[in-house]
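Q: Have a look at this one.
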Amino acid sequence: MRYKVFGDKLPGLSLQLDAGESIYTQSGGMSWMTDNFKMETNVRGGMMKGLGRMLTGESLFMATYTSQANGAEITLTSAMPGEIRALQLDGQKQYIAQKSAFLCAQPGVELSTYVTKLKTGLFGGEGFLMQRLSGEGMVFLELDGSIVEIDLQPGQRIKIDTGNIAFFEAHVKYDVETVKGFTNILFGGEGLFLSVLEGPGKIWLQSLNAASFAGRLMGFMPKKSG
């Protein structure tokens, strides 16, 4: 499989597959493709895993595209301004990603639900379900805004608005901390809680918070007259 990420802040992903190679994505994720693909749609991994994916922002059904000839090409495009990142999974390392980050992957990659600690999820601002990426093969993530990679040292902590977490290595500790100070809580604009990631391990943060971005856009929507 060969791939190319194109575009600037609204990127797309073009994949060239040889005969017999496959990728899977959520239902409706394909933008265009050559006519030498076989498409198969099902609840990948069973109903329970499918329902778990729905809670993390993906569709119940996943579509698998299998190339019927060498050089078959399929393209997927982003839904938000940002970046598309490729990860090579080796069967050992796992990643935890934000909701809706998954774009597509080879069949050896497993997309499952990651449940944070209850306190972390209820107060972290994004719910307590994220996406776990494991297995072996290439996986592509759709991330929001510009991406910064930070290599946390053992015991090093960083506080983050949860919506700015893109993904992180699964062994990184994830927790929630209360914002201190009555005035900070009321007027600081960061809410009552911040997420905390603690090393060792690599984390990737995104400059665009999708929830905040959507809230800003709502202010420009026409109001329904009574």
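Q: Please give the FRET efficiency for Lys202 paired with Val5, using the beta carbon to beta carbon distance and R0 = 22 Å, rounded to the nearest 0.05.
A: Between Lys202 and Val5 the formula returns 0.65.
Q: Can you tell me which of 97-110, 193-206, 4-17, 61-74 comes out highest on packing, and rank the rest after it, using the mean Cβ neighbours within 10 Å?
A: In decreasing order of mean packing, 97-110, 193-206, 4-17, 61-74 become 97-110, 193-206, 61-74, 4-17.
Q: Aspartates and glutamates near Lys93 by alpha-carbon distance under 18 Å, same-chain residues fewer than 8 away left out - which ones?
A: Glu110, Glu136, Glu149, Asp151, Glu169, Glu198
Q: Something else now. Give me the aspartates and glutamates in straight-line cross-link reach of Lys38: C-alpha distance below 14 Å, same-chain residues under 8 apart excluded.
A: Asp18, Glu21, Glu73
Values in this text are rule-based calculations from the coordinates and carry no lab data. Everything numeric here is computed off the predicted structure, so don't read it as measured data. Quick reminder, even Gly has a Cβ in these numbers, built from the backbone with ideal geometry, and neighbours come from all protein chains shown.
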